[in-house]
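Taking it in order: structure first as structure tokens, then the write-up.
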Amino acid sequence: MSKKLLFICMMIGMISCQEDQVYELPENATTLLTGDDTKTWKLARRSNNNVRMNMGPCFLNYRQSFSVDKTVEDNNGRNKDCGPSLAGTWEFKKGVKNELYLRINSPQIPELLSTDKEYKDFKILKLTKDTLEVVFRHNQYGNTSRLITDILVREDMDIGDRYFHH
């Protein structure tokens, strides 16, 4: 009996240690995000509360560009019926539990993202030369809070299965 109890305690300890692990930004995180000057990312996949979302024309055409001068902009306004473009600044931030965030600052954010703040924090799950994965809370229809996960890839990457519909 005591061996089983010890095994259960060890498993709980290992699981709780894994939950406490925080993603560490690579030393070259700025270069990974911006390239040498400006790097453009496209949306590869989006999940809403862990359910993969349909990828219609606005999602498929969406591009977000990060520059070394800390500016960021997207291309929504250049695509038919996709809403206005967002322009602002970006920075890396640490949360209260040392979790890493990509913060976008812009006076447009309150209107575009249904918030009262002029910034939006995107928790970084992964950042490599090819992939930027973030998760964030978003208030949708009727003020329902949803957890959105975006996987973005370099604009020039050819990936399959982007045009997804349930």
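A few notes on this one:
- Residue list for segment 115-139, filter: in contact with a strand residue (DSSP E or B) (Cβ under 8 Å, 6 or more places away or on another chain), open to solvent by 40 Å² or more (accessible area, probe 1.4 Å) and in contact (Cβ under 8 Å) with a residue 40 or more places away in the chain: Leu125, Lys126, Lys129
- Out of Leu102, Leu112, sole residue that is in a strand (DSSP E or B) and either open to solvent by less than 70 Å² (accessible area, probe 1.4 Å) or within 13 Å of Leu33 (Cβ to Cβ) (or both): Leu102
- On inspection, Pro26 passes the criterion of being at pLDDT 90 or above, surrounded by fewer than 14 Cβ atoms within 10 Å (Cβ to Cβ) and in contact with a helix residue (DSSP H, G or I) (Cβ under 9 Å, 6 or more places away or on another chain).
- Total residues in segment 64-84, condition under 19 Å from Val134 (Cβ atoms), modelled with pLDDT of 95 or more and of a type outside the set (Val, Ile, Thr): 8
- Number of the condition not met by Pro107 [criteria: (1) surrounded by 17 or more Cβ atoms within 10 Å (Cβ to Cβ); (2) at pLDDT 95 or above]: (1)
- The single residue among Leu100, Leu60 that is of a type in the set (A, V, I, L, M) and under 25 Å from Asn28 (Cβ atoms) turns out to be Leu100.
- Per-region count, segment 143-166, residues open to solvent by 80 Å² or more (accessible area, probe 1.4 Å) and at pLDDT below 80: 5
- Hits in segment 55-85 (condition: open to solvent by less than 30 Å² (accessible area, probe 1.4 Å), of a type outside the set (S, T, N, Q) and touching a strand residue (DSSP E or B) at 6+ places or on another chain (Cβ under 9 Å)): Met55, Phe66, Val72, Asp74
- First in segment 65-76 and closer than 9 Å to Gly88 by Cα, second anywhere and open to solvent by 50 Å² or more (accessible area, probe 1.4 Å) and assigned to a strand (DSSP E or B), Cβ under 7 Å, 6 or more apart: Lys70/Thr89; Lys70/Glu91; Thr71/Thr89; Val72/Thr89; Glu73/Ala87
- Subset of segment 86-97 (residues that are open to solvent by 40 Å² or more (accessible area, probe 1.4 Å) and either farther than 22 Å from Leu25 by Cα or out of contact with any strand residue (DSSP E or B) (no Cβ under 9 Å at 6 or more places or on another chain) (or both)): Ala87, Val96, Lys97
The values are calculated or read from the model by the stated rules, or taken from the named source; none is laboratory data. Keep in mind that this is a model prediction, so the values were computed, not measured. Cβ sites come from the backbone with ideal geometry, for glycine too, and all protein chains shown count toward neighbours. All accessible areas refer to the heavy atoms of the entire protein, side chains included, with ligands and DNA or RNA removed. Shrake-Rupley method; radii C 1.70, N 1.55, O 1.52, S 1.80 Å.
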